[in-house]
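Shown next, in structure tokens, is the structure this report addresses.
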Amino acid sequence: MHIPLLVSRTAKAPATSSSRRRHLGWLLCLIAVLGAPPLLADDLVYTVRPGDNLWNLAKHHLKDLSYYRKLQAYNRIEHPRHLKPGSILKIPIEWLVRNPAPARVIKVKGQAELIRRGGGRKTPEPGDTLTTGDTIRTGMDGSISLRMADDSQIIVQSNTELKMDTLSAYGINGMVDTRMRMQHGRVDAKVPTIRNPASRYEITTPAAVAAVRGTGFRVSADADAPKARTEVLQGTVAVSGASVTRRVPHGFGTLAEAGKPPLKPRPLLPPPDLSGIPQRVRHWPFTLQWNAVAGAVDYRLQISGSPTFETLTLDKRLPRPRLDLPRLEDGSYHLRVRAIDDLGLEGIDATRPLVIDIAPLPPEPLGISGGLREGEHPRFAWKPAPMAARYHLQVARSNAFSHPVLNEKALTATEFQGADPLPPGHYVWRVAAIDAKGKEGPFSRIADLTVRPLPAPPEPTETKVKDDTLTITWPAAAEPTRYRIQLARSKDFSDLLLDQTLDTPRVKVPGLPAGTVFYRIQPIDASGAIGPFGATHTAVIPSGFYWPIALLLIAPLFLLITRRG
């Protein structure tokens, strides 16, 4: 009970100023004896500033001006008009004027809902304010970042329901009273060092209450059972349940069940080693993988566009230390992974930058079997590539591809045949995929292509005519080659006398008619490539062989004519 320091004067003995001071001193002693309240956890500690007095403090910060009397008694002040700067006043929190201290929505990701104290509902947006009685709900892919009046940050994660039980501030010493009730879900909190011990920062779950004094911590509450977990990353959190309070220091966590005291804090699992994960992902599909942590039964993996993880692009609980990365928009991200123990306590975070720069995988070239022969039109083919909308084909003389002889960038099919033959020689080629947004992926492996010249036609080394027989000889080719020879009466080879394919570089043609004959030779190599005909050559078959036959035929006729004459 507080005793007001208002002393009545008696008519019998008017008090002098010195006697009033003596009476006040005795009264203060009496108050102390009768049990004036000492400093409580709910007291504000205020440091007196120059110019302060009890009346001004009561006028600006207490519920009513008359509270100056209670304040004088509570602090045993003898001279209320003259407060010494630097001295300490204790002010019960319930005496202070309480002002609303709304929270502010900073970022929103995915499905979320803001339920007003009066029942109104809306989709939260950055800039929205939350006051006492408002509730936040997030869906499967939802997360919301809130900034409180004391500049603390609350990140409401997926499948969470969080009610603002009290959001108040007091206009003295920057003291705040922040109390939230989480029915289920998970929150991450970063609370600045609380300057005044009377400030209150609590998160209540169906199983326990976590009271904070300047820290970074996580609280989760199961939806299907009255269990809550608290994991402390900085500072200390007092977790209370079943009339028992456990102080949980940084690096430790505890599990609480409704109706039972919180378990003794245990060390959180160490951070996983993410050094084996590349900082830049260039192709998809891609698997994020890290070494297992001893004692881990699960893992929590989160990806955010913010280094402070204000909202989450991805939030997964995994049974193994790996994740087949879903397709994310290209950009800069941050990866966070922690191990989860058998109590469900989530361990120390491991973080790593992650750049998603996905381009289509390169296609696989399909080789050109046997190469090409001079004059043939090359046909390039490759396997389809995921995400490809079109392809980019390059053909060059060297692996540098500095001066490609073919550079086709808008191929929609998985093959291409050039309009013109390639000159003989060695070539290299490669192909890249381009996605629907025009992003080109890396080129494929380099494939080789050789355009071989056609076999050169041989030149005859000997042409021999004997009677009606023509013998032609030419040098053998260095590689196995067959030969096609044509003989004709006319230079355009329209009236062929011979059209024959030979395995040897020599031909003997008997029974040719007298006169000039034309011939030419064409090579055919072992692959079946047919070279051009060589130059057209001529040979003259003499007519002398036919006179004896003619005389034999004419002689009987000549004798018959002579006899008749």
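The values are calculated or read from the model by the stated rules, or taken from the named source; none is laboratory data. These figures come from a predicted structure and were not determined experimentally. Counting neighbours? That spans all protein chains shown, and the Cβs are built from the backbone with ideal geometry, glycine included.
Miscellaneous remarks
- Any chance residue 535 is in a loop (DSSP other than H, G, I, E, B) and modelled with pLDDT under 90: no
- Matching residues in segment 385-426 - criterion: being on the phi > 0 side of the Ramachandran plot and touching a Lys or Arg at 6+ places or on another chain (Cβ under 8 Å): 401, 425
- Going through (1) at pLDDT below 90; (2) assigned by TED's automatic domain parsing to the domain that holds residue 166; (3) among the β-branched types (Val, Ile, Thr) one by one, residue 115 falls short only on (1).
- Qualifying residue in segment 287-298 (condition: farther than 20 Å from residue 347 by Cβ, in contact (Cβ under 8 Å) with a residue 24 or more places away in the chain and in contact with an Asp or Glu (Cβ under 9 Å, 6 or more places away or on another chain)): yes
- Odd one out for residue 116, checked against (1) closer than 20 Å to residue 202 by Cα; (2) of a type in the set (Lys, Arg); (3) over 31 Å from the mean Cα position of the chain (by Cα): (1)
- Within segment 306-352, if we keep just the residues that are surrounded by fewer than 16 Cβ atoms within 10 Å (Cβ to Cβ) and either assigned by TED's automatic domain parsing to the domain that holds residue 391 or farther than 26 Å from residue 268 by Cβ (or both), the residue that is farthest from the chain's Cα centre (by Cα) turns out to be 324.
- Apart from one condition, residue 511 fits all of (1) closer than 18 Å to residue 374 by Cα; (2) free of Cβ contacts under 8 Å to residues at least 60 places away in the same chain; the exception is (1).
- Test result for residue 518, assigned to a loop (DSSP other than H, G, I, E, B) and aromatic (Phe, Trp, Tyr): no
Results for (1) among the aliphatic types (A, V, I, L, M); (2) surrounded by fewer than 14 Cβ atoms within 10 Å (Cβ to Cβ); (3) touching an Asp or Glu at 6+ places or on another chain (Cβ under 9 Å), shown as yes or no for each residue.
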{"site": "354", "(1), (2), (3)": "yes, no, no"}
{"site": "358", "(1), (2), (3)": "yes, no, yes"}
{"site": "385", "(1), (2), (3)": "yes, no, yes"}
{"site": "399", "(1), (2), (3)": "no, yes, no"}
{"site": "417", "(1), (2), (3)": "no, yes, no"}
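- Residue check for residue 511: in a strand (DSSP E or B) and of a type in the set (Gly, Ala, Ser): no
- Residue match in segment 361-379 (condition: surrounded by 15 or more Cβ atoms within 10 Å (Cβ to Cβ), of a type in the set (Lys, Arg) and at pLDDT 95 or above): no
- Within segment 44-56, tally of residues that are surrounded by fewer than 20 Cβ atoms within 10 Å (Cβ to Cβ) and either closer than 24 Å to residue 199 by Cβ or charged (D, E, K, R) (or both): 6
- The strands (runs of 3 or more DSSP E) falling completely within segment 220-264 that include 2 or more residues that are within 12 Å of residue 207 (Cβ to Cβ), at pLDDT below 95 and in the same structural domain as residue 154 (by TED's automatic domain parsing) map to 236-241.
- Counting only strands (runs of 3 or more DSSP E) that fall entirely inside segment 311-418 and contain at least 2 residues that are under 30 Å from residue 296 (Cβ atoms), touching a residue at least 60 places away in the same chain (Cβ under 8 Å) and touching a strand residue (DSSP E or B) at 6+ places or on another chain (Cβ under 7 Å), the qualifying elements are 331-340, 350-356.
- Just one of the listed residues (182, 175, 148) is within 23 Å of residue 234 (Cβ to Cβ) and in contact with a helix residue (DSSP H, G or I) (Cβ under 9 Å, 6 or more places away or on another chain), namely 175.
- Of the residues in segment 384-399, not one is among the polar types (S, T, N, Q), modelled with pLDDT of 95 or more, outside the structural domain of residue 257 (by TED's automatic domain parsing) and under 30 Å from residue 228 (Cα atoms).
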